[in-house]
Amino acid sequence: MRLRTILFTLALLAMVSITVSGFYYVFSLRESETEVARRRAVVHTEIIRNQLEGFLSENLKPVRALAGLPEVQRALAVPDPAIIAQANYILDLFRDALDVDVVYLLDRHGLTIASSNRNSPDSFVGENFAFRPYFREAMQGNPSKYLALGMTSHKRGAYYSHPVFAEDVDEPQGVVVIKAPISLMEKNIIQSSSDGVTILTGPYGVVFSSNQPGWLFGSLNPLSRHEVEALRQSRQFGDGPWPWVGLTALGQDRLEDLSHRQYFMHYRELESYPGWRVIHLQEVRLAGDSVFQPLIRTTGLLVLAICALAGSAVYYLFRKARAEIMRRQRVERELRQSEERYRTLYHHTPAMLHSIDPEGRLVSVSDYWCEALGYRAEEVIGRHLVEFLAPESRLDLLDRNKPHFLRTGVLRDVSYSFVKKNGEVVEVILSAIAERDAQGGIVRSLAVLLDITQRNRMERELRQAQEQLSQHSKELERQVAERTREVTSFLAYTPAVVYLKDNRGRYLLVNSRFADLLGRGQDQVRGRSDTEVFPPSLARQFQDNDGQVLASGQPRQFEEFIEQSDGPHVYLSSKFPVQGEDGAVAAIWSVSLDITELKRAQESLRRLSGMILASQEKERTAIARELHDELGQVLTALRMDAVWLQRWLEGRDQEQAARRAQAMCQLIDRTITEVRSIATRLRPAVLDDLGLVDALEWHTSDFEKRTGVRVRFSHQDVPEIKGLAAISAYRVAQEALTNIARHARASRVEVALVVREGWLELRVADDGRGFSPAGIGEGGGAGGGWGLAGMRERAGLLGGQIRIDSIPGRGTTLTLRLPLAVEERDKP
């Protein structure tokens, strides 16, 4: 009995010990499995995050390449339909090559000017996307990525934008955008996750993608009014609403839905998309199901467990083995799915990818590799890589790069030249890594090739441009040296006085003539001003004239007076500014020629001309008086005799002779009138008696009667003007009207006499046929008479000016300006 009790007690203790141990083991296993499930979820979340980062960054290089194409740049610079058509063709090529939704081009105001969906009902052309952050970021000169719901197409997509720069312009002229669909991403990454719920959320927790369709565009947290308004203004996720999906936080990593199901939450931030998260939810109940359910079933059979320990142990091991097999099958299935995703990414990555075995044969190539070289995959698999290389690249691979790769297992940025199927050469940069087996031997390699043909072409063109620039620089240096010698020779041997000053009036350079004339050489004046070198009056003269050039920034001519040993000399100084890099006047050149003898000759000529003109006027006056007094009296007497003869013949009935006598009277009358007109034109009495204004008014009226050309004479505030000024103005007007009558074929003439700022100004304008002033020489006008030379001589004698403005077919304007001081200075 005691033994039986002992055995029963031992059996009971063993049963309790086994039961307690079983419960402890099961619950420990459950906690372990839960922790393993959490870690697996964290790893799963990290994998999904990395896959999303890779997928969402695959179009950055294509959009940058697209922004650099000249067709796109020209479409922004010159929005011509033909150029826009070329840009649309390029956008279509990129859309088809990248298998994206749409590729479009925005101008600097956000307006779509070209798009690959231009022929679709939801065309972007004419739409303005200036509100999109990817446009604003690109216009700041930075490429941008953006996830959003399309406002026109109402499709979710990933937007890749890049600024487009024009040549020699630092600011972006527009933005090119690639919109890629996220359907492939959802299928291969988000929806392929069978272990829990995978969510991609944007700002404010809005669900952008999930394998839980009912949560799409919902919010993980209840949104405040401010958050709803911010989402509505951004239009990133449409117009709303964005309902709460019903998840409530129970702790740092636990959530509960409206059905009271609890989840473990794991998330990772997308580094390249601030504010975006990848969230993985794993149901708590399922995390330890593989252990907890067997425990429930075995708890009811604890009494029989002792009797069927071996069977229970076998059953337990069978369940564990079965769970392990199922777990491995699930892992293998996920591995196959991961391989499928890798294969999809491998073939759709916009870069040339290939793998070769240790013998150098191609074992796989990406679709982009085949497209770039023009082959199909079945044409290249199994062939040696060297068959596709240019001869110089084959030698480089076999002699140098292949031994290095077999030794180190890595190649970085190696240049090769591949030959396309059509014979064209493609230049690439190759980087490769080796995949090794357990013994460390190389099984195969994975290489990434970037097409740098365009970049190398641009580098060659840049080197050629640099060489041409170098040659041009040498030629410029030669020309500068030659011009320097010429300028040095000019400064040394010219009879002119030449100097250079800075904008503060300090001498920088003087020539030998300057030193000979003024007695001060280069060393004595360099760095000094006029007041430090010359007497006050001469220094003030130089400074005043230089100041006018500095103030106006224009070349000027001055007559400068310099006292020399043989008396004062007159110099004609041409001063012109030298502008610096900022456009301001940095220095002044001055070239002065001694015109003393010329001035003396001009003064003698002026006096002689004055005497000649005075003599001419006296002679005109004498001739006019003779015509009026002598010839006029004779004609008057002759007319009286003719009248007497006419009356005598009429009294004797000789009508024919009387008519002849009457005709003689009429002829004598006309002759008397013409003689008086000639005398008046030679020296009008009204000019001496009444002055210039009345003389011009009489002459213009007489001209209108004689020629039939309408003349309008006007004057304003003209004082009494007599002497040479009045005679010169009258003669110039007389000659101008004569030339108009002879050559201009005008229908209307305007003569104006005004006084402005101490100058008498006479203006004669007609609406005739005009002429080219460049064809008039100093000798006279276009038709004899007094001529332009006589007009200029009269004006120059009195210190005045003559200016003629004429355009063929649009009339002629002659302007005479005389200083009023000559009225008192020169008396006839």
By residue number, the members of region 759-777 that are over 23 Å from GLY809 (Cα atoms) and either open to solvent by 40 Å² or more (accessible area, probe 1.4 Å) or at pLDDT below 80 (or both) are TRP759
All-but-one check, PRO121 against (1) at negative phi; (2) open to solvent by less than 30 Å² (accessible area, probe 1.4 Å), failing number (2)
Has region 387-398 got any residue that is in contact (Cβ under 8 Å) with a residue 24 or more places away in the chain, in a strand (DSSP E or B) and under 26 Å from CYS370 (Cα atoms)?
yes
The condition of being outside any strand (DSSP E or B) and open to solvent by 60 Å² or more (accessible area, probe 1.4 Å) holds, among ARG457, ARG444, ARG412, only for ARG457
Filtering region 46-98 down to residues that are open to solvent by 20 Å² or more (accessible area, probe 1.4 Å) and in contact with a His (Cβ under 7 Å, 6 or more places away or on another chain) yields ARG64
Note on region 501-513: residues closer than 14 Å to PRO577 by Cβ and open to solvent by less than 30 Å² (accessible area, probe 1.4 Å) are LYS501, ASP502, GLY505
Does GLY174 qualify as being surrounded by fewer than 22 Cβ atoms within 10 Å (Cβ to Cβ) and touching a residue at least 24 places away in the same chain (Cβ under 8 Å)? no
Among the residues of region 128-147, is there at least one that is of a type in the set (Asp, Glu) and more than 18 Å from ARG74 (Cβ to Cβ)? yes
Expected single match for open to solvent by 60 Å² or more (accessible area, probe 1.4 Å), of a type outside the set (Phe, Trp, Tyr) and modelled with pLDDT under 80 among ASP688, ASP669 is ASP688
When region 61-79 is checked residue by residue, the ones that are within 14 Å of ALA114 (Cβ to Cβ) and in contact (Cβ under 8 Å) with a residue 24 or more places away in the chain are LEU66, ALA67, VAL72, GLN73, ALA75, LEU76, ALA77, PRO79
inquiry  = Here is a check on your reading of the model: is LEU753 at pLDDT below 85, surrounded by 14 or more Cβ atoms within 10 Å (Cβ to Cβ) and not in a loop (DSSP other than H, G, I, E, B)?
reply    = no
Restricted to region 806-828 and to residues being farther than 14 Å from GLU761 by Cβ and modelled with pLDDT of 65 or more, the residue most open to solvent (accessible area, probe 1.4 Å) is ARG810
Quick check: anything in region 553-561 in contact (Cβ under 8 Å) with a residue 40 or more places away in the chain and touching a Lys or Arg at 6+ places or on another chain (Cβ under 7 Å)? no
Filter region 778-805 for residues that are open to solvent by less than 20 Å² (accessible area, probe 1.4 Å) and on the phi > 0 side of the Ramachandran plot; the one that is modelled with the highest pLDDT is GLY787
Requested in this report: Say whether the condition of being in contact with a helix residue (DSSP H, G or I) (Cβ under 6 Å, 6 or more places away or on another chain) and in contact (Cβ under 8 Å) with a residue 60 or more places away in the chain is met by at least one residue in region 113-125.
Outcome: no
Every listed condition ((1) surrounded by 10 or more Cβ atoms within 10 Å (Cβ to Cβ); (2) without any contact (Cβ under 8 Å) to a residue 60 or more places away in the chain) holds for GLN439 save (1)
Restricting attention to region 546-586, the residues that are under 20 Å from ARG513 (Cα atoms), open to solvent by less than 50 Å² (accessible area, probe 1.4 Å) and not β-branched (Val, Ile, Thr) number exactly 10
request  = Report yes if some residue within region 518-533 is in a helix (DSSP H, G or I), in contact with a helix residue (DSSP H, G or I) (Cβ under 7 Å, 6 or more places away or on another chain), among the charged types (D, E, K, R) and crowded, with 16+ Cβ neighbours inside 10 Å; otherwise report no.
outcome  = yes
Of those in region 360-386 that are without any contact (Cβ under 8 Å) to a residue 24 or more places away in the chain and open to solvent by 60 Å² or more (accessible area, probe 1.4 Å), the residue nearest to LEU449 (Cα to Cα) is TYR368
Among the residues of region 81-90, are any touching a residue at least 40 places away in the same chain (Cβ under 8 Å) and more than 18 Å from the chain's Cα centre (by Cα)? no
Result of the Cβ filter at 7 Å on region 727-740, keeping first residues that are within 17 Å of GLY768 (Cβ to Cβ) and partners that are charged (D, E, K, R) and open to solvent by 10 Å² or more (accessible area, probe 1.4 Å), at least 6 apart or interchain, is ILE740/ASP766
The correct count of residues that are open to solvent by 70 Å² or more (accessible area, probe 1.4 Å), among the charged types (D, E, K, R) and free of Cβ contacts under 8 Å to residues at least 24 places away in the same chain in region 232-262 is 2
- Looking at this structure, is TRP276 in contact with a Pro (Cβ under 9 Å, 6 or more places away or on another chain), modelled with pLDDT of 65 or more, open to solvent by 40 Å² or more (accessible area, probe 1.4 Å) and not hydroxyl-bearing (Ser, Thr, Tyr)? no
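The values are calculated or read from the model by the stated rules, or taken from the named source; none is laboratory data. As the structure is a computational prediction, the values presented were derived from the model and not from experiment. Positions of Cβ are backbone-derived with ideal geometry, glycine not excepted, and every protein chain shown enters the neighbour counts. The accessibility values were calculated without ligands, DNA or RNA, using every heavy atom of the protein model including side chains. Shrake-Rupley method; radii C 1.70, N 1.55, O 1.52, S 1.80 Å.
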